[in-house]
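A.B. asks: Encoded as structure tokens, here's the structure I'll be asking about.
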């Protein structure tokens, strides 16, 4: 492949043609490999698969030719040359052995290459997904993405393991046979081709608009089944709680019935041409055609009887390409669709990295005229942006705690997600120590900024690994530091109760409750010990012990840190140095809590309302906040396969 | 295989399946028999009077036509049986899922069942429509040809016959050795999928730790395991397909050698030997295709096994003589329950008089939600009993039980449809006025007014177009409309903004009026609505009594709130100074 080729490769074009790169471009490093790049190192292997398969398949003709030669010798008038007969038999047997060895080798190599290629695909996909903006995940189900990495890559199997060998053999062998048969008798060769022509004639009948429409209906009916079963299973608790399994159950069954109906129509439409094709290609029919032609020619004296044999033996093989196309076609189509989905994921522009990362000077955080909008994905609204932040100017001084307050939908959660670069602003900039976040390398960014968001993802790994996860590998802390963080987060005692303490594997040795998981996340942030901390004060802490742990952690931090917190509790607000009241994507009021209360504006009203709703009595329990909903973060209807984005919400 | 299929389907489908198999076998036998005509036909053509071939050719033509008709009829029958089985399978699966205990649908089940119901059923049914015919004909046609060979020449026939047990042995051996590697491979694939999901979900924290672009060990290990498992299964399949090829080719070689020997010997005519070799070639191809078909059958069989496992999961037993409770007090008597290995409830006893309100409080993981779920029979208890009005819930019909309970879940699921449809689920036959009344009592009417489309507004899949608070209001309206004597509340832990919160509390207050209530509470404000409190920890009741009484006692319960209250007080002071 030449350089020009690479540039015109759709994959490469898609990755470099990302969003307008602000500051640095994505150029800096070597462009990531594409599908073709992944296949290139295996070209010799593919070539050997093809060559071995061809040798094997052609050698497979030897025994048939041996029978032909045997016939010629035996049917020839005069004495039979015994030595010649045995030579012919030996050649036939040798051909069989060659075929056995070569096709086995070809198929073995093909499958091994397939394993390598699939691994490389999966690694590439994982690597790419590790670099797309985190906000991108919010709109996708991790179950679906996992399907791309798993099933779709597996679906490529026929392309890699079978297509090169099998398809080539399916065409080469008939071509060789055809050439040979022409040398024997051209008339009978043409007659032998008649079934193939008949079969091919059925193909247009299978591709009529009606058939294609049925195929589309078939696909969409299949999709409806999948949707209705998801709805059925997800809503099963509601379905049962409200007596009888009426609604969703019925919907599933009617989707199933509709599907069966479509399936029936599809089969019915296909059955005639399919049966016609099957008949034309069936061995008895081919033999009948060859024998009819042969009898005509032999009785007419135009053909030596022995010359009929090659047609009886090789003629059947001529139908192979048509049959191979028919068999492999569905698989190949499915593989094509799978490759399409893989390419789609690979084409997602990664979060641009700067060419030459700039180091921040201090850790003051500034937001300058920040605007941000999510792309509206609702039907009929595609392409429009739903603006959530409309021009935010804000400075977070080191050594202060800034509390963001505001009604639900005011853009709080979006605002805090800009700091760890889950998204880049659509306009304006976020600066850290005077440097635009986009000019900071991601390594540097995450060494500076850590975050605790509401939903906690625990990995199926040891407790210690889970806590140490947020610390860059290079400066990975020792066990003591992990324990210290766990202690401060109030989870140390609980961990010691687990069967294998810090070495317990979560999900295997032990399960943690929601509150415990949240405390573990706090320990992560404590261990990361970064100068900038972003916190979504979880609204729904599972128990008071967790709330206490979080508060203790917050107070133990302090010092020179820059802290930004979405505050839901009045006490957090009261303790903050600065309160930012956000309304409708803009800063409505800003100042010290007492100052704002004295102003008696929006914040003061909000405060009074909250106090009335929560009351002083229940203090910590009054955590009324928001669960991000709406276009902000569409609620995920699939709790098991898709609580995606982990801590992003 | 067929037996599993029939067990999964239920035996009412046995007849069409048997009929289809019989037709397919007949078509395959007819094909094999039609080849018998080739021997006299070729003998004539290779002999001195080729004209004698015409009648034989006509006979062969008739036989081919017969075969084609049989094949067409059997294919049609296969498709018919396949589609009616498909429909039956969907219905059977749907009905069965609806009868399984709700507790069964936990964890990874959702994804599993979705895949099974959409693709799994189709793949398993594809056995009848697509795999059975090639399989039967690949097996039966060569066997018939073998019989023909034996009839024409016993020496050659015997030589070919020797291959039959070998082919069978190779098939059986392959199936056995592949079962283990296939299972291993499935497990590895499953594990890798889990890791990928985990990797995607944990992206934020992984990137913070610098695991973003580079390889993340846990994921990479599982991807490599997947590759290794696939390699192992390829290598494991190799001896099987090699063995089959070897046996079939050896058979052909032996026939070639024996045929040549007999022809040179003069004991069998050259024409006959050649005809038999043509027949042998007809035997070899279908036999070789067995390896591929076998692999696809194994895949389908695995899918069938998974369907079988779901269908043989026992639904909640229904009582033979259902009882009806006269009153609606609740009672837990020495209830024990475990999730897997974890003991959730441990000999718990508790009672709520009719019209009483019990708040269940405790640390997370104490078994609070399970308590509610046992009343509604999401699961059955392991030991002890849950009673309603003195009647064991297991002695009631599920419908009767459910008709007496209204549940407001933590996480509200709405069906893709209009708001009204979702409220009506509470009581499908309710009149307009009742629906409106329930909605306004739950303060859902405000939401409806705001929404474009009003009552007919679509809520989206799972209710995604509504906010958390709005979904809660729908679920409360649903419960109000149902008007059941027992109310189970799992406190809304996902926090709401003040407006929604006030509305939801108001709705819940109305819902509780005059009913027996068990509520899981995380907030003191909720607890104060109850007339009794049970403090749960480690699956047992640690303390029980009135809220004030328990606070005075200064035990675990008081300690639990003290954490919160202490913080609250501290803040109260801070706020007071702020305001001052």
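The values are calculated or read from the model by the stated rules, or taken from the named source; none is laboratory data. Small disclaimer: the values here were computed from a predicted structure and weren't measured. Cβ coordinates were reconstructed from backbone atoms using ideal geometry, including for glycine residues, and neighbour counts include every protein chain displayed.
A.B. asks: I'm trying to understand the selection: among the residues of the stretch B:412-422, which are more than 11 Å from every other protein chain (Cβ to nearest Cβ) and either over 29 Å from the mean Cα position of the chain (by Cα) or under 17 Å from residue B:507 (Cα atoms) (or both)?
C.D. replies: Across the stretch B:412-422, the qualifying residues are B:419, B:420.
A.B. asks: Also: Can you list the helices (runs of 4 or more DSSP H) lying wholly within the stretch B:48-158 that have 3 or more residues being under 29 Å from residue A:298 (Cα atoms), more than 9 Å from chain A (Cβ to nearest Cβ) and without any contact (Cβ under 8 Å) to a residue 24 or more places away in the chain?
C.D. replies: Answer list for the stretch B:48-158: B:53-99.
A.B. asks: Something else: For residue A:153, are the conditions met, namely being buried (at least 22 other Cβ atoms within 10 Å of the Cβ) and closer than 30 Å to residue A:453 by Cβ?
C.D. replies: When the stated conditions are applied, residue A:153 does not pass them.
A.B. asks: Continuing with this model, one more query. Against the definition (touching a residue at least 12 places away in the same chain (Cβ under 8 Å), in contact with a helix residue (DSSP H, G or I) (Cβ under 7 Å, 6 or more places away or on another chain), part of a loop (DSSP other than H, G, I, E, B) and within 15 Å of residue B:472 (Cα to Cα)), how does residue B:447 come out, yes or no?
C.D. replies: no
A.B. asks: While we're here: Does any residue in the stretch B:388-411 that is without any contact (Cβ under 8 Å) to a residue 60 or more places away in the chain and at the interface with chain A (Cβ under 10 Å from one of its Cβ atoms) come within less than 6 Å, Cβ to Cβ, of a residue that is outside any strand (DSSP E or B) and surrounded by fewer than 21 Cβ atoms within 10 Å (Cβ to Cβ) six or more places away or on a different chain, and which pairs are these?
C.D. replies: Correct list of pairs: empty, since none qualify.
A.B. asks: Does residue B:255 qualify as being in contact (Cβ under 8 Å) with a residue 12 or more places away in the chain, more than 9 Å from chain A (Cβ to nearest Cβ), more than 45 Å from the chain's Cα centre (by Cα) and in a helix (DSSP H, G or I)?
C.D. replies: Spelling it out, residue B:255 is indeed in contact (Cβ under 8 Å) with a residue 12 or more places away in the chain, more than 9 Å from chain A (Cβ to nearest Cβ), more than 45 Å from the chain's Cα centre (by Cα) and in a helix (DSSP H, G or I).
A.B. asks: Looking only at the stretch B:3-17, decide whether some residue is outside any helix (DSSP H, G or I), closer than 25 Å to residue B:133 by Cβ and at pLDDT below 90.
C.D. replies: Among the residues of the stretch B:3-17, at least one is outside any helix (DSSP H, G or I), closer than 25 Å to residue B:133 by Cβ and at pLDDT below 90, which makes the answer yes.
A.B. asks: Let me ask something else about it. Could you pull out every one of the helices (runs of 4 or more DSSP H) wholly within the stretch A:25-116 that has 2 or more residues that are over 50 Å from the mean Cα position of the chain (by Cα), at the interface with chain B (Cβ under 8 Å from one of its Cβ atoms) and modelled with pLDDT under 90?
C.D. replies: The helices (runs of 4 or more DSSP H) meeting that bar are A:61-75.
For every residue, the table says whether it meets (1) farther than 18 Å from residue B:412 by Cα; (2) at pLDDT 85 or above; (3) touching a helix residue (DSSP H, G or I) at 6+ places or on another chain (Cβ under 6 Å).
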site	(1), (2), (3)
B:465	no, no, no
B:477	no, yes, yes
B:484	yes, yes, no
B:535	yes, yes, yes
B:560	yes, no, no
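A.B. asks: Which ones in the stretch A:377-399 are modelled with pLDDT of 70 or more and part of a strand (DSSP E or B)?
C.D. replies: A:387, A:388, A:389, A:390, A:391, A:392, A:393, A:394, A:395, A:396
A.B. asks: On to the next question. Among the strands (runs of 3 or more DSSP E) contained in the stretch B:312-411, which hold 1 or more residues that are modelled with pLDDT of 85 or more and under 30 Å from the mean Cα position of the chain (by Cα)?
C.D. replies: B:330-339, B:342-352, B:383-388, B:405-408
A.B. asks: A follow-up question, please. Residues B:33, B:23: which one is over 36 Å from the mean Cα position of the chain (by Cα), touching a residue at least 40 places away in the same chain (Cβ under 8 Å) and assigned to a helix (DSSP H, G or I)?
C.D. replies: After ruling out the rest, the residue left standing is B:33.
A.B. asks: Okay, moving on. Out of A:437, A:419, A:445, A:431, which single residue is free of Cβ contacts under 8 Å to residues at least 24 places away in the same chain, over 26 Å from the mean Cα position of the chain (by Cα) and either buried (at least 22 other Cβ atoms within 10 Å of the Cβ) or more than 11 Å from chain B (Cβ to nearest Cβ) (or both)?
C.D. replies: After ruling out the rest, the residue left standing is A:437.
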